[in-house]
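Below is one structure; the comments refer to it alone.
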Amino acid sequence: KCNPLTFDFLSEKGFLTALIDINDDEPIYIINTHLQSCDFHRYDEYAVLQLNELNYYLNKVIDKKYIVGGDFNIDINDFNKIITQNVKNVYHPDDPSIYINFTTSHTSHCKRNGYEPLIFDYFISTIPISKPLVIESSYSDHNPVLTYFNR
């Protein structure tokens, strides 16, 4: 079952990588992703495959520091149960970043009756970062997530 009003089922997801050189420190990879969404279930099987692919890239290809952020479309509470490879250093907020009604496939940035709170937005990093915080905003169905790192 899928939501015909979304085009996620027509797209192939990936990730965007930038190598940032900050002063004289070792360059840092900044990676952004938006994994496959699923409107009527907690996560899509393709999101799991995409996360495994991303993790392979992080472990086998990148030889520098990195921070990965984005909409993973996998709740942090499901993350370690479904991932096939060990993912280290996952930093996540305690508060939900999205609310979903799995019966109607509607999403919201705030709590509503019949909507399940999920943490879809977090970071994977080899750099120690602060505990991410959710910033309440009505701009999108996701609330932004903020963190800081010290060089």
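Helix 45-60 and the long axis of the chain differ in direction by around 0°, with both axes built from C-alpha atoms. Return the FRET efficiency for the residue pair Thr103, Tyr57: r is the Cβ-Cβ distance, R0 is 30 Å, and the value is rounded to the nearest 0.05. Calculated value: 0.25. May I have the count of lysine pairs in the chain with C-alpha atoms under 17 Å apart, counting pairs 8 or more residues apart or located on different chains? For the chain, qualifying lysine pairs total 4.
Counting 0.36 nm for each residue step from Ile129 to Leu49 and taking away their Cα separation leaves a gain of 26.2 nm.
Taking 7 Å steps out from each Cα toward its Cβ at Ile83 and Arg112 produces label points 3.0 nm apart. How big is the gap, in Å, between the Cα center of segment 117-144 and the Cα center of segment 20-52? Each part's Cα centre sits 13 Å from the other's. Based on the convex hull around the alpha carbon atoms, segment 40-126 presents an average projected area of 5.7 nm².
Karplus-based coupling profile of segment 139-149, in residue order and whole Hz: 5, 9, 6, 9, 8, x, 10, 10, 8, 10, 9, with θ = phi - 60° in 6.51 cos²θ - 1.76 cosθ + 1.60 and x standing for Gly or Pro. Remark: the chain projects, on average over all directions, an area of 9.4 nm² (convex hull of Cα atoms).
List the relative contact order of the chain as a percent without decimals, with contacts defined as Cα pairs under 8 Å and 6+ residues apart. Spell out each step's value before the answer.
Details: 298 pairs, mean separation 30.1, N = 151.
In percent, rounded to a whole number, it is 20.
Pairs of C-alpha atoms in segment 81-151 farther apart than 21 Å represent 36 percent of all such pairs. Between Ser140 and Leu19, the contour length at 0.36 nm per residue exceeds the Cα-Cα span by 40.8 nm.
Readers should treat all values here as calculations from the given coordinates under stated rules, not as data from a laboratory. No experiment lies behind these values; they were computed from the predicted model shown. With ideal geometry, Cβ positions are generated from the backbone for all residues, glycine too; neighbour counts draw on all protein chains shown.
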